[in-house]
Amino acid sequence: MLRLLNIVNFAVIDRLQVEFRQGLNVLSGETGSGKSILIDALGLLLGERSSPDFIRTGEDRAFVEGVFDIEGNTPLEELLADAGVGVSEDEVLIRRELVANGRGRIFINNQVANIGLLKSIQPHLIDIHGQGDQQSLLLPEVHLNLFDAFAGASKSRVRVAQAYDNLQRIARELEQIRQSESERLQALDMVNFQIAEIEQANLAPNEDVELEAERNLLVNAERLAELSGEAYKKIYDDERSILSDVAIIQKRLNDLAAVDNRFTTHLEQLSTVKYVLDDIAFFLGEYYGGIQASPERLRTVDDRLMELSRLKRKYGGSLEAAIETCAKLTERKQQLLNSDEHSQLLESQLKQAIEDYDKESSALSKLRKGSAAKFETAINKELKDVSLGNARFSVRLREAQKGQLVQKLESLMNWNNERGIRRTGAEDADFLFSANPGEDVRPLNGVASGGELSRLMLVLKTITSPSLFPKTLIFDEIDVGIGGKVADAVGMRLRRLAKTNQVLCVTHQLQIARYADAHFLVNKDVVNGRTLTKVAELDEMGRIEELARMIGGAEVTASARKHAKELIKSVAVEN
């Protein structure tokens, strides 16, 4: 659900913040006030094409920001998690910035995102139906999705899709194995060479790290010998070494302690210091004696590091990756050596995968065929209530085209199947329509007007499972070309749809506006020679005034106010 929309410097909007409500949110206002600009801003927020032309004149940047409540929207949460976007408190903040001279930026929960992710999450958040968007009803894939939603086929479609993906995976693997013999031998030669190259290097984890440390010692051997030797002499080996001085001081303190026991503690501390200095001197002596300035060893280490660097670049970027690559290459070698045996195994798996797909696909087909008549009845009943009583609607299930996977299976197994194999099942769905008595139902394209398509889309949204749709449905002037009882019927269906979804509706029709759970007035003012669009949520008196304007035009009369009040009251009584 869209909770908050924040817009800055977008078109004729300088700064605008709107809090939307659950249920039916109506936006009204005079023609040209900027109502559809809000819908354009939402479209931009969810992945529509951006342009510097959207930026308000005189400004160098603009942004649109939306806060969405996604409680219970598990698919969206999983999608965001896969993309590395964290979700907290069941809400998502999306921000899209436009820059006049540069590329815009996208943020999701304050993390940088791309347009691809934005478009992928849009179906989980908002479904926008603007003027002309009802043309999506002409797309066959939309027909099938809507019909399957009514049939409750979502789980069955998931099982079919999983069976299809498994079938495709096995077919692809079998196709790869059945390369020509020369290609197989070339691949085997290459694999053998790569394995030998890695194995001959006798790689060990962290070897490069250890060699770098050794090289550092070899390069600095002379300096290390000088420093450790000087320190050793100073502590132990000089005539007036630190340890010899400590021994003298220790004797003095021992004599003092014999007279005054207050020196006993300090004598013990000095003994500890002597032990520490002895340990340091011993380490320095061993270290100094073990330093070897070996140009030959340095050359050997450098050569080895160069070899390791070459293998890391070639096989994954690290020694661990190279070792892992060697294991994978060994597995690939066995596949190439045993291609016939593996091919037979894959053929067996492919036959089982085909049987699994046929089983799930047949179950989905049975469900679809059993739901077609019920779907038609439900749609035709609703059409009467939106003043399309003479119209007839029908759904036709037809066999889907076989698809590329079938062609691949035929070439791999000399196999033939009459039923199509697709990720969505064996059928396509076509919506057929007739608006006039005596006329046969025909495909929607060419027989339904824009107004009829708009009402049909609303009917489909109303009777189809709400789980198919996002939590926010937006209708931008769905009422174009209708009025009176038809508009009232549309308003009633929008209100019913708003029981399970948040609905935003831009309208000029009071018959629709009267059903609003929240009513927003969009108006345009000129301030200091600049056009500004404002949006305000109306209270009860404001709603009455706006409905009265929609009744009587610019001049609002007392009778118009009375009629508006009665319209709002009648909706409350119906509830």
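Values as computed for the structure displayed
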quantity: Residue selected from region 110-134 under the condition at pLDDT below 80 and outside any helix (DSSP H, G or I), by the criterion surrounded by the fewest Cβ atoms within 10 Å (Cβ to Cβ); calculated: 132
quantity: Options 409, 397, 432; residue that is outside any strand (DSSP E or B) and of a type outside the set (Gly, Ala, Ser); calculated: 409
quantity: Output for region 253-295, where each listed residue is β-branched (Val, Ile, Thr) and over 30 Å from residue 215 (Cβ atoms); calculated: 259, 264, 265, 272, 273, 276
quantity: Residue tally, condition out of contact with any Lys or Arg (no Cβ under 8 Å at 6 or more places or on another chain), in a strand (DSSP E or B) and at pLDDT 85 or above, over region 504-543; calculated: 7
quantity: Count of residues meeting criterion [touching a Lys or Arg at 6+ places or on another chain (Cβ under 7 Å) and under 24 Å from residue 158 (Cα atoms)] in region 323-360; calculated: 1
quantity: Residues (more than 20 Å from residue 216 (Cα to Cα) and either in contact (Cβ under 8 Å) with a residue 60 or more places away in the chain or over 45 Å from the mean Cα position of the chain (by Cα) (or both)) located in region 297-313; calculated: 311, 312
quantity: Some residue of region 255-276 being of a type in the set (Asp, Glu), part of a helix (DSSP H, G or I), within 30 Å of residue 216 (Cβ to Cβ) and at pLDDT 85 or above; calculated: no
quantity: Any chance residue 365 is part of a helix (DSSP H, G or I), touching a strand residue (DSSP E or B) at 6+ places or on another chain (Cβ under 9 Å) and among the small types (Gly, Ala, Ser); calculated: yes
quantity: Complete set of residues in region 179-205 that are exposed (fewer than 14 other Cβ atoms within 10 Å of the Cβ), out of contact with any Leu (no Cβ under 7 Å at 6 or more places or on another chain) and in contact (Cβ under 8 Å) with a residue 24 or more places away in the chain; calculated: 192, 199, 204
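The values are calculated or read from the model by the stated rules, or taken from the named source; none is laboratory data. What you see is a predicted model, and the numbers here were worked out from it, not measured in a lab. Cβ coordinates were reconstructed from backbone atoms using ideal geometry, including for glycine residues, and neighbour counts include every protein chain displayed.
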